[in-house]
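Shown next, in structure tokens, is the structure this report addresses.
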Number of protein chains: 2
Amino acid sequence: MIANSPQKEKKENHSKQYNLIDCDVHHILPNFDTLMDYIEPGLKRRIELATNARSEARNAFQMPRRAYFNPTSTARVDTMDSDGTNHASIPQRVKEDLLDRYDITYAILMGNDLTTISGMPDPDLAAGITRAYNDWTNEHWIQYDSRFKHSIWVTPQDPIQAAAEIERWGDDPNVVQVGIAMMDVLAGKRHYWPIYEAAAKYNLPVGFHVGAESAGNNGSQLAVGAPTHYIELQTGVISIGIQNTISLVCEGVFAKFPNLKVALLEYGWTWLPGLMWRLDREWHSFRQEVPWVTKLPSDYIKDHIRVGSQPLEAPSKEYLHQTLEMMSAEKMMLFATDYPHWDFDDPNYVMRHLPEHMRKPIAYENARELYGL
Amino acid sequence: MIANSPQKEKKENHSKQYNLIDCDVHHILPNFDTLMDYIEPGLKRRIELATNARSEARNAFQMPRRAYFNPTSTARVDTMDSDGTNHASIPQRVKEDLLDRYDITYAILMGNDLTTISGMPDPDLAAGITRAYNDWTNEHWIQYDSRFKHSIWVTPQDPIQAAAEIERWGDDPNVVQVGIAMMDVLAGKRHYWPIYEAAAKYNLPVGFHVGAESAGNNGSQLAVGAPTHYIELQTGVISIGIQNTISLVCEGVFAKFPNLKVALLEYGWTWLPGLMWRLDREWHSFRQEVPWVTKLPSDYIKDHIRVGSQPLEAPSKEYLHQTLEMMSAEKMMLFATDYPHWDFDDPNYVMRHLPEHMRKPIAYENARELYGL
């Protein structure tokens, strides 16, 4: 498991043997007022009016907030002072706590405050706030220590304004990335192409960062929009398998119905090992939110969920066998051909590729048990 | 790669050494009229009225259809006769082509025609068609050969009617599964619990099958609905990484902008090997749909997409190293701490767990190249 707070120095300090670039560091505004000096007069006035304490709170200006709240705290507890100050709002603290402590060569700064900006309905307001934020970051952070590198934010709601912001910073050697908070348009859609064009012009990568799912005007985390082609639909159904597996476990379906099993057919299975690791890990942090999940999520998954073998996909026998081993396929996998569909799996093909010791359970025993045959 | 048609018998026939249960076989209605004799009079009359050839075609009755079409054919070409007859509509052909040919002990029948039923707006009509379909399947297929086992369909739109249908079949020894076509409610939601209760009562597994995404009243494949808890949101963002990676490649973003790179931060990475295998495989079948994707999708992904290391998740060093190897992490992964967030990855922890030969590229070189530092 991964430590929630820095571990005590081990005798051998592995990280010191390597140059380090930390690609995801979140600096934070001390408060929103700090930004107001950087916002253009017209937009500043709009925000001032809408933050008036006499306005109804539910209509007052605020940055987009997620519909979900972290049941504990999004900040590492030891990075917060008792008065609420987050060390990540103080350049000197980040320098000491992170750069100096771990000998980090470069830290890419992705301002924490704008990870939800794509949920703001008004694209002009979002773009104005983004410009101000980039200016503030440059002045207070990038100029403070040359190890801080700038991932500027742009507003995905208006790709033309986003491209203009890239133009404004493109030649700055400290700017190393164009940051975008996901919105409910899939990343490949033409909507974004002006942003990509500008980023490509300056050889800047585009960094999509998590955070805006369910924030402000954005839909749930799944509302990334409909894909364009059949190949995207066909490949992407694995995400439906993932989401539904999470949902089945976390809603307590298997705690409530201990003898219920679920077979997921044609939703793929290569995602299972990673999903089980991730869900187990998150459960260690968040299990108070789902108290009915009383054992490891991967235990529920292995006990209650079965997956069809078709399509059996892997580029090599070695990787296939490793993946099957990681997911306990000898327990979870059910042989299937998907006859008469175009991507029918020939039983000889499947059996030949499975590891010897998994053939019987996958071919027969798992299904026999599942279906009571 | 997986063959699209049965392979010639190999010298050693591996599958014959094992008992086989085929968990996903799709029998098909010869035509919808076949079902009409099984539909209750009131609903039958409704369907007859709405299939009247004189009604506007766009308002005539039809089973829910997907918004996307397979650019070639969903049926294996050699299972279709030139007059349009699919072998999967003829019990004797399925017996010969599948059961006898491969010595299959049991085949679980999941009727092809109802994989979109969850997209039908009217729950009573959907339930009535489902009941008729189960009766027809039982009479024409299950009674035909004892190796055919019945995965009855139930209609997820009305869980109470679905539970009643399970009650109707629960004691039938040939019924081995409750089949559900996904709809835009996540599988763990309480909506489904009456179905789960009935399935659990009869010790029947629930089988979710792909097919209804974008069909009829259902939204796109992503419209599986919003999850309930933070842990689901936090775990499930990997599906956003997956969907957006697919979208970026398939929409041709990297073909159009050959020097563009994209960093995906905090969307996880354990899903990358499986996604690359699957997308490469689908591309071999469907590349005519996305002609601008002129090389393997995994080549675009490896060349253009980078993923943050945080959170570094794996239950064991062995599995971690295998997964990193499969995804070419020495090329694709960027070290990140996510400071100051609660799930901060300590650099010592990360470096200690990475394979020796990947430490330098992940810690430094990949980011240096990406950010031009």
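The values are calculated or read from the model by the stated rules, or taken from the named source; none is laboratory data. Treat the numbers as computed from the prediction; the structure is a model and nothing was measured. Cβ sites come from the backbone with ideal geometry, for glycine too, and all protein chains shown count toward neighbours.
Here are some notes:
- Screening region A:102-129 for residues that are farther than 24 Å from A:A181 by Cα and touching a Pro at 6+ places or on another chain (Cβ under 8 Å) and picking the one that is surrounded by the fewest Cβ atoms within 10 Å (Cβ to Cβ) gives A:Y102.
- Residue within region B:324-332 that is within 8 Å of chain A (Cβ to nearest Cβ), in contact with a helix residue (DSSP H, G or I) (Cβ under 6 Å, 6 or more places away or on another chain), without any contact (Cβ under 8 Å) to a residue 12 or more places away in the chain and within 17 Å of A:W277 (Cα to Cα) present: no
- Looking across region B:169-182, the residues that are more than 8 Å from chain A (Cβ to nearest Cβ) and either in contact with a His (Cβ under 8 Å, 6 or more places away or on another chain) or modelled with pLDDT under 80 (or both) come down to B:W169, B:D172, B:N174, B:V175, B:G179, B:I180, B:A181.
- Looking only at region A:183-194, and only at residues there that are hydrophobic (A, V, I, L, M, F, W, C) and at the interface with chain B (Cβ under 10 Å from one of its Cβ atoms), the one that is nearest to B:H304 (Cα to Cα): A:A187
- Only one entry of B:A127, B:A163, B:A132 meets the criterion of being within 14 Å of another protein chain (Cβ to nearest Cβ), assigned to a helix (DSSP H, G or I) and more than 21 Å from the chain's Cα centre (by Cα), and that entry is B:A163.
- For region A:198-219, a residue qualifies if it is more than 7 Å from chain B (Cβ to nearest Cβ) and at negative phi, and the qualifying residues are A:A198, A:K201, A:Y202, A:L204, A:A212, A:A215, A:N217, A:N218, A:G219.
- Pairs, first within 21 Å of B:D97 (Cα to Cα) in region B:24-42, second at pLDDT below 95 and acidic (D, E), C-beta under 6 Å, six or more apart: B:D24/A:D338; B:L29/B:D113
- Residue match in region B:215-222 (condition: modelled with pLDDT of 85 or more and not charged (D, E, K, R)): no
- Any chance A:N13 is surrounded by 14 or more Cβ atoms within 10 Å (Cβ to Cβ), farther than 25 Å from B:E266 by Cα, modelled with pLDDT under 75 and not charged (D, E, K, R): yes
- Only a single item in (1) away from chain B (no Cβ under 14 Å); (2) more than 22 Å from A:V206 (Cα to Cα); (3) buried (at least 21 other Cβ atoms within 10 Å of the Cβ) is not met by A:D145, and it is number (3).
- Top-ranked residue of region A:238-248 - restricted to ones that are of a type in the set (G, A, S) and at the interface with another protein chain (Cβ under 7 Å from one of its Cβ atoms), ranked as surrounded by the most Cβ atoms within 10 Å (Cβ to Cβ): A:S239
- Filtered residues of region A:76-106 (kept if touching a residue at least 60 places away in the same chain (Cβ under 8 Å), at the interface with chain B (Cβ under 8 Å from one of its Cβ atoms) and not in a loop (DSSP other than H, G, I, E, B)): A:V77, A:A88, A:V94, A:L98, A:Y106
- Of all the criteria given as (1) within 22 Å of the chain's Cα centre (by Cα); (2) at the interface with another protein chain (Cβ under 9 Å from one of its Cβ atoms); (3) farther than 30 Å from B:H209 by Cα, the one not satisfied by A:Q157 is (2).
- In the set (1) more than 7 Å from chain B (Cβ to nearest Cβ); (2) over 31 Å from the mean Cα position of the chain (by Cα), the condition left unmet by A:W292 is number (2).
- Here the condition is being more than 22 Å from the chain's Cα centre (by Cα) and modelled with pLDDT under 80; of B:Y230, B:Y202, it holds for B:Y230 alone.
- Residues being within 23 Å of B:T245 (Cβ to Cβ), of a type outside the set (F, W, Y) and facing chain A (nearest Cβ under 7 Å) - total across region B:307-322: 7
- Residues in region A:148-164 that are of a type in the set (V, I, T) and either crowded, with 23+ Cβ neighbours inside 10 Å or modelled with pLDDT of 95 or more (or both): A:I152, A:V154, A:T155.
- Selection count where residues are within 25 Å of A:D22 (Cα to Cα) and at the interface with another protein chain (Cβ under 7 Å from one of its Cβ atoms), scope region B:249-274: 13
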